[in-house]
């Protein structure tokens with residue numbers, strides 16, 4: 001089932017390629033998990049109450065403008 | 001518009017008018033969907049490709065839109081990492097354009113391979129020595145990154161902001177956007193380069209084979225450079241076109257000029273290196289393989305391609321955009337950016353089509369390729385997909401942060 | 001990735017004597033039959049048809065009475081060095097077998113991206129543009145030892161690698177664990193009526209091919225690309241050799257020089 | 001804390017129930033009734049290996065042999081059977097069926113082939129039996145000791161046959177999971193081939209077995 005069982009030999013190419021690939025995947029995944037976790041925390045904390053239509057968030061205005 | 005209260009309601013055209021605009025593009029999209037269905041159901045015999053032209057208009061367009069989509073990663077890099085703050089006005093639009101380009105390219109690639117259901121084999125049985133593997137891995141990952149960069153834009157929508165989780169998600173993602181910008185830059189750097197390397201390593205195709213920096217193909221770096229030169233040009237064009245169509249001011253005029261200037265400077269650097277590459281290739285690489293320079297340019301893929309790529313769509317727009325008075329004039333700005341983009345398309349065209357047209361076998365002749373309507377329909381569908389997505393994004397999302405202020 | 005290694009025990013290769021080849025096409029037909037290569041009712045479109053072995057006709061470009069013609073049968077060259085198609089395949093669907101030097105295509109793994117076709121300088125590879133179909137009667141005569149390919153994959157000459165497997169089976173039945181000369185011969189070589197094609201281990205002096213490739217008449221297609229093909233050609237005509245090395249400019253002059261040499 | 005609306009709560013519960021059910025039933029199906037995924041076929045003729053081998057004292061090679069070119073004969077065709085069974089031998093029901101239905105009508109028995117391989121596979125019996133000296137049982141199990149043909153079990157989706165040798169063993173329940181090595185030889189898919197090749201240090205190159 002795994003591709004590595006059919007006449008497969010590890011060489012430096014694999015090390016570099018997959019090393020970089022997984023590094024990128026891990027960075028993306030970690031950042032995503034962080035964002036999700038923080039959002040959940042924010043959602044259930046008072047800071048981000050549902051009724052924020054009238055709330056003023058202490059956020060720098062310019063910071064969000066770019067997104 | 002950090003919170004709901006100070007987010008102004010933007011003026012948009014009436015729904016019927018918008019639907020009319022969309023319907024045209026949807027029709028085009030449906031035509032493309034029919035073409036795609038034919039190609040998937042009946043096979044690639046529906047295309048104009050053959051055993052000589054194994055890559056056709058799809059790969060040309062793929063390479064071209066990926067190069068043009070480089071605006072997203074490059075402006076992201078400049079804005080988030082190098083802190084070029086003037087880009088704030090259109091970074092959102094650049095991300096959407098990039099997303100469109102990459103998703104469109106991947107969609108087109110899926111139809112282009114003979115066995116789309118086996119597409120995942122290139123991940124599963126990855127051959128790490130192949131440039132194409134690198135391209136496939138990086139493009140897929142980068143599309144993922146672009147999607148993440150797109151999310152904060154979507155969550156700014158007024159309705160979506162009402163859902164607290166999504167709103168927080170958008171804000172948190174935005175907060176760490178510099179990470180994604182860096183990852184995106186890294187990925188883009190490699191796949192833009194690998195797309196060039198894909199052809200540069202074909203030592204059996206003397207037209208595109210390049211040696212150069214050590215053993216690495218030159219084209220690797222040339223493709224990166226040309227992509228980051230063309231990306232901002234397309235962003236400028238798209239913003240300008242949106243302003244014209246919506247008849248609203250979306251960004252400060254100097255911002256467009258600055259972007260165009262950036263594009264022109266990069267284009268000049270690219271052209272110098274490309275000229276050096278071409279001269280070296282024509283005088284050393286090609287003769288070593290038994291080819292004279294003129295052997296590569298025969299009707300209909302004649303010298304005009306090289307001329308067009310270098311002068312008409314290279315040097316000319318670079319000079320136009322380098323003159324401050326010209327780039328401040330809308331007409332010359334558009335001509336300059338359009339020609340820059342066309343130059344890149346032409347470059348990608350010659351790397352796919354002409355590479356394959358040049359006979360390698362001594363007893364073969366120059367062959368000519370002409371796409372069928374099915375191929376064109378899918379190209380049209382990708383463009384209309386882009387227009388539709390961008391229109392929707394413009395209408396429902398807050399793409400241009402200064403719009404309210406400028407039209408106030 | 002393949003590498004050229006002198007220690008490699010077996011390197012199957014082919015030698016084709018162009019002076020003997022009459023261009024009869026027997027090898028191509030045998031190849032078609034042996035390998036279940038699909039064909040269409042209308043085969044006129046040569047840019048999309050299937051042929052594992054193609055025969056090219058080359059001319060010296062001179063006017064009658066000095067016009068000369070040679071036929072160049074072209075199977076897969078089974079390149080030895082940096083095999084162009086192997087290194088580019090993103091799905092590892094084509095591989096270079098180190099024990100025999102054969103370049104084989106794994107059809108069920110091919111995703112049909114056609115990058116290998118762009119990489120191959122010899123135009124060896126064919127793409128299945130259509131679903132392979134045979135007339136009802138012809139289907140009964142398909143070779144059971146070769147799996148037919150499906151639409152959307154690339155296929156190529158494998159030096160009849162299924163015959164290699166069969167040859168090994170036969171050898172084992174006879175209690176050997178090695179192949180003898182003549183055990184394994186591709187269909188095209190077997191079919192050649194004038195014995196213009198030779199096949200065997202290029203490293204084993206017992207085989208004729210090992211000597212033939214050292215002949216001064218021997219050359220390979222596009223040697224300047226340094227793909228080190230394992231298919232050699234023999235020709236005593238300088239213009240044919242010039243042709244094969246992409247030296248079209250000098251082909252005609254080569255012919256006239258040679259003619260002068262003969263006449264004087 | 002924010003107030004979650006009743007409607008949203010309800011839909012969340014529905015989704016949770018669906019997911020939980022999916023996981024639970026997937027687990028049950030996978031580990032307790034795995035055979036639901038398979039259909040069973042009886043072989044067309046009730047053939048007894050034991051009878052032929054022990055009682056009649058025939059050698060295996062009478063029916064299963066190598067041809068001169070090293071290819072394997074496989075399951076015998078009708079003409080091999082007819083060397084003995086041209087007329088009815090004995091009174092058993094199976095024999096009656098075989099002679100009247102197949103021999104007299106000159107109809108080949110459509111045996112279900114446990115190890116039918118896809119078109120692209122070129123399995124060489126000679127390399128395994130003659131060169132590697134593997135016993136038949138290594139792959140085929142104690143097929144030669146069966147009094148009745150083993151049921152042919154085939155996956156409904158993949159159409160791969162799943163070979164269970166000991167007909168006395170339970171093919172349902174967790175028996176498959178607990179002791180797969182004892183009763184079951186598996187699917188004869190590429191993984192099994194590769195596993196053995198690797199264990200014995202034999203090449204796993206594609207074209208060793210693929211054509």
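No lab work stands behind these numbers, since they all come straight from the coordinates. For clarity, every value in this text was computed on a predicted model and none was experimentally measured. Quick reminder, even Gly has a Cβ in these numbers, built from the backbone with ideal geometry, and neighbours come from all protein chains shown.
Once the Cα atoms of helix B:164-175 and of chain B are each reduced to a long axis, what angle between those two axes, in degrees from 0 to 90 to the nearest 10, is obtained? Helix B:164-175 sits at roughly 50 degrees to that axis.
Here the residues B:194, A:9, B:103, ranked from fewest to most Cβ neighbours within 10 Å of their Cβ, fall in the order A:9, B:103, B:194.
Segment B:129-158 and segment C:167-226 have Cα centres lying 51 Å from one another. Note on residue D:93 and residue B:37: with the Förster distance fixed at 56 Å, the Cβ-Cβ geometry gives a FRET efficiency of about 0.50. Between residue A:26 and residue C:43, the modelled labels are 5.7 nm apart [label points 7 Å from Cα along Cα→Cβ]. By the count of other C-beta atoms within 10 Å, a proxy for reagent exposure, B:383, B:154, B:148 are ordered fewest to most as B:154, B:383, B:148. Potential lengthening of the chain between residue B:279 and residue B:160 amounts to 37.3 nm, from the contour at 0.36 nm per residue minus the alpha-carbon distance. Centroid-to-centroid, using Cα positions, segment C:124-142 and segment B:70-88 are 54 Å apart. Residues D:58, B:198, ranked from the fewest to the most other C-beta atoms within 10 Å, line up as D:58, B:198. Note on residue D:58/residue B:299: beta-carbon distance plugged into 1/(1 + (r/R0)^6) with R0 of 60 Å gives a FRET efficiency of 0.20.
Helix D:190-199 and the long axis of chain D differ in direction by around 80°, with both axes built from C-alpha atoms. Residues within the reach of a label modelled at residue A:45 (point 7 angstrom out along Cα to beta-carbon, backbone nitrogen below 17 Å), restricted to segment B:140-177, are B:164-176. Centroid-to-centroid, using Cα positions, segment C:1-80 and segment B:168-240 are 40 Å apart. Angle, helix C:248-263 long axis vs. longest principal axis of chain C, Cα atoms, 0 to 90°, nearest 10? Value to nearest ten degrees: 50.
Take the Cα coordinates of segment C:12-263, assign each an equal point scatterer, and use the Debye formula without solvent to give log10 I(q)/I(0) at q = 0.09 Å⁻¹. At q = 0.09 Å⁻¹ the computed log10 ratios are -0.42.
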